[in-house]
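K.L.:
Could you have a look at this structure, given as structure tokens, before my questions?
Please treat every number below as a calculation from the coordinates, not as lab data. No experiment lies behind these values; they were computed from the predicted model shown. Note that each Cβ is placed from the backbone with ideal geometry, even for glycine, and that neighbours are counted across all protein chains shown.
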Amino acid sequence: MAVFAAVHDGQASSRGRLIQAAIQQFSIKWYGTVSVAEICRAAGLSNGLFYRYFQSKEEIFKHILEFVIQRIEEALAVIPGKGKRERLREFSKIIFEFSRDNPALIRVFREGQYRFLEYERRLEEVYTEALARTMGKNISQAGYIFALGGLRFAAIRAALQNVPVELESLQRIIELGLFDPLGVDAEKVFSTSIYPLPIDILPNARERLFREGKILFGQQGYFETNIHEITKAAGLSTGAFYTYFPTKEGFYKELIERVGREVRRFISLNLDPSLNRVERELRGLWLFIVFLSLDRHCYRLVREAEFVLPAVVKSYYDAFVRGYIKFGDSYPEIDQGSAIEFMLGVAHYLGLETFLGKSLEKTKPLIKEIGNYYKKGFDGKLD
């Protein structure tokens, strides 16, 4: 991988070979399944040599995260363009093309973002500072979530999952918004009169396994949880598990699919058909955040599955795309698929804030301001 030629630091090429091998291993396998021995085999070096340069697997992983942030910071150091409008388009292009050109690095950082949240916060600072330089003014958190959440998610889906996305459409959304500047009834958007999902008060054995599995995977993670723990928590024998599921992976796959259906059903149950298009999108964001606050394990389950079962998570997001398509919305001069990926990205990064502990009340003003960006983008700030 030529991208790491710049980090060879004079200590022969062994260190660089280890880093390249680590990127390769971490980009195709979950962090928890990669061993130092595998990295050394891929590099063609001894285990002992590894410890001359790095104390642990975690250290080399964090080194890669540092390098990704450095590379992005360098890419955004100079943003060409004669005015704010042109620079904003170039800013978006740089970020989109970085994901396209560095899929392995992006895949590793996606896991690092989940596992070591401080690196995501640092990258957020890099993006926010660069966007502020582009615009010549400070950028609010809502502005960041709108522009970078939508752009980053769409770019990653395009680079890692081959989802068709048009950069020009993403640029137009950031610049001009996505919806007509309609009025917003905050009472309707943030109404807490909510229909909960049905609860089975006498669940059968299969449902008990799903219930306990979600809790344990959410608390401990996929690889740290074993079938015996799940069945014990469900009050069942280990053998009972295999009556319903052939493998732990098959169980996890079905659990992710169920989580997706639950999120979509919860939002659908609580969307008033009288809402205008802006209100509907903001109401959907609010309901998504409410769901995450009620089910704290949902976010971690899906994020971890992104690395354990990537095809399942692609299907998870594809189902949300189909839900948007059913509404039949059109976006003049903007590709429909790109618009949907952008909106999913805004929800994803807003969800990350909830995962990091932001309360429902503190999320409300964020959603309100995101609504303003959806109506007019950064257009009013480009003069």
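K.L.:
Provide the FRET efficiency to the nearest 0.05 for the Gln141-Lys29 pair, computing r from the beta carbons and using R0 = 22 Å.
P.N.:
0.05
K.L.:
Once you charge only the Cβ atoms, +1 for Lys and Arg and -1 for Asp and Glu, what is the size of the charge dipole of the chain about its Cα centre, to the nearest 20 debye? Walk me through the numbers before you get to the answer.
P.N.:
On the way: 53 positive and 48 negative charges, 70 e Å.
The calculation lands at about 340 debye.
K.L.:
Over all distinct Cα pairs, what is the inverse of the mean 1/r for the range 2-139, reported as the Kirkwood hydrodynamic radius in Å?
P.N.:
16.2
K.L.:
Which one, Phe98, Ile64, Phe50, projects farthest toward the positive side of the charge dipole computed for the range 2-139 from Cβ point charges (K/R +1, D/E -1)?
P.N.:
Going by the Cα projections, it comes out as Phe98.
K.L.:
Find the percent of Cα-Cα distances in the chain that exceed 27 Å, and round it to a whole number.
P.N.:
53
K.L.:
Ordered by residue, what ³J(HN,Hα) values in Hz, to whole numbers, does the range 91-108 give under the Karplus form 6.51 cos²θ - 1.76 cosθ + 1.60, where θ = phi - 60° and Gly and Pro are x?
P.N.:
4, 5, 5, 4, 5, 4, 6, 4, 5, 4, 8, 10, x, 5, 5, 5, 5, 5
K.L.:
Given a Förster distance of 25 Å, report the FRET efficiency between Gln55 and Glu118 from their Cβ-Cβ distance, rounded to the nearest 0.05.
P.N.:
Calculated value: 0.85.
K.L.:
Relative to the present Cα-Cα distance, how much length would full extension add between Glu168 and Asn226 at 0.36 nm per residue of separation? Can you show the working numbers first?
P.N.:
Values: separation 58, 0.36 × 58 = 20.88 nm, distance 4.61 nm.
Additional length available on full extension: 16.3 nm.
K.L.:
Give me the Kirkwood hydrodynamic radius of the range 186-381, using the inverse of the mean 1/r over all pairs of distinct Cα atoms, in Å to one decimal.
P.N.:
18.3
K.L.:
A further question follows. So what is Rg over Rh here for the range 263-319, counting just Cα atoms and using Kirkwood for Rh?
P.N.:
My calculation puts Rg/Rh at 1.05.
K.L.:
Within the range 227-270, name every residue whose backbone N is under 20 Å away from a label modeled 7 Å from Cα of Ile194 along the Cβ vector.
P.N.:
Hits in the range 227-270 for Ile194 at 20 Å: 258-270.
K.L.:
Can you give the helix-only mean residue ellipticity at 222 nm for the chain, where every DSSP H stretch with n ≥ 4 adds -39500 (n - 2.57) and the sum goes over all residues, rounded to the nearest 500 deg cm²/dmol?
P.N.:
That calculation yields -22000 deg cm²/dmol at 222 nm.
K.L.:
From the phi of every residue in the range 313-318, what ³J(HN,Hα) in whole Hz does the Karplus formula 6.51 cos²θ - 1.76 cosθ + 1.60 yield, where θ is phi - 60° and glycine or proline is x?
P.N.:
Calculated HN-Hα couplings, in order: 6, 4, 5, 4, 6, 4 Hz.
K.L.:
Any idea what the relative contact order of the chain is, in percent, if you count C-alpha pairs under 8 Å spaced at least 6 apart?
P.N.:
The normalised contact order for the chain reaches 23 percent.
K.L.:
Next up: Going toward the positive end of the dipole of the chain, with +1 on Lys and Arg Cβ and -1 on Asp and Glu Cβ, which of Ile28, Thr354, Leu178 do you reach last?
P.N.:
Ile28
K.L.:
What ³J(HN,Hα) values, in whole Hz, does the Karplus curve 6.51 cos²θ - 1.76 cosθ + 1.60 give for the range 370-377 when θ = phi - 60°, with x put for Gly and Pro?
P.N.:
Going residue by residue, I get 4, x, 5, 5, 4, 7, 9, x Hz, with x marking Gly and Pro.
K.L.:
Shifting gears a bit: With each pseudo-label sitting 7 Å past Cα toward Cβ, what's the Asn276-Lys376 distance in nm, one decimal?
P.N.:
According to this spin-label approximation, the distance is 1.4 nm.
K.L.:
In whole angstrom, how far apart do the alpha carbon centroids of the range 329-347 and the range 153-224 sit?
P.N.:
Measuring centre to centre over Cα atoms gives 15 Å.
K.L.:
By per-residue mean of other Cβ atoms within 10 Å, what is the highest-first order of 199-206, 85-92?
P.N.:
By packing density, highest mean first, the sequence is 85-92, 199-206.
K.L.:
Between Arg85 and Glu361, what is the FRET efficiency for a Förster distance of 25 Å, r being their Cβ-Cβ separation, to the nearest 0.05?
P.N.:
That pair, Arg85 with Glu361, gives E of 0.10.
K.L.:
Placing unit charges on C-beta atoms (Lys and Arg positive, Asp and Glu negative, everything else neutral), compute the dipole magnitude of the range 118-223 about its Cα centre in debye, rounded to 20.
P.N.:
In total the dipole reaches around 280 debye.
K.L.:
Might you report the magnitude of the Cβ-based charge dipole of the range 186-381 about its Cα centre, with Lys and Arg at +1 and Asp and Glu at -1, to the nearest 20 debye? Mind showing how you got there, number by number?
P.N.:
On the way: 28 positive and 25 negative charges, 56 e Å.
My answer is approximately 260 debye.
K.L.:
Report the semi-axes of the equivalent ellipsoid for the range 230-328 in whole Å, largest first, where each axis is √(5λ) for an eigenvalue λ of the Cα gyration tensor. Let's see the in-between values first.
P.N.:
On the way: eigenvalues 191, 45, 27 Å².
Largest first, the range 230-328 gives 31, 15, 12 Å.
K.L.:
Also, quick follow-up: Students often get this wrong: which residues of the range 44-84 have the backbone nitrogen under 20 Å from the point 7 angstrom along Cα-to-C-beta of Ala37?
P.N.:
44-61
K.L.:
Let me ask something else. Dipole of the chain (Lys/Arg Cβ +1, Asp/Glu Cβ -1, origin at the Cα centre): which of Gly250, Tyr127, Gly284 lies farthest to the positive side?
P.N.:
Result: Gly250, furthest along the dipole toward the positive end.
K.L.:
If each residue of separation counts as 0.36 nm, what is the full-extension length gain between Ser330 and Ile201 once their alpha-carbon separation is subtracted?
P.N.:
Gain in length upon complete extension: 42.2 nm.
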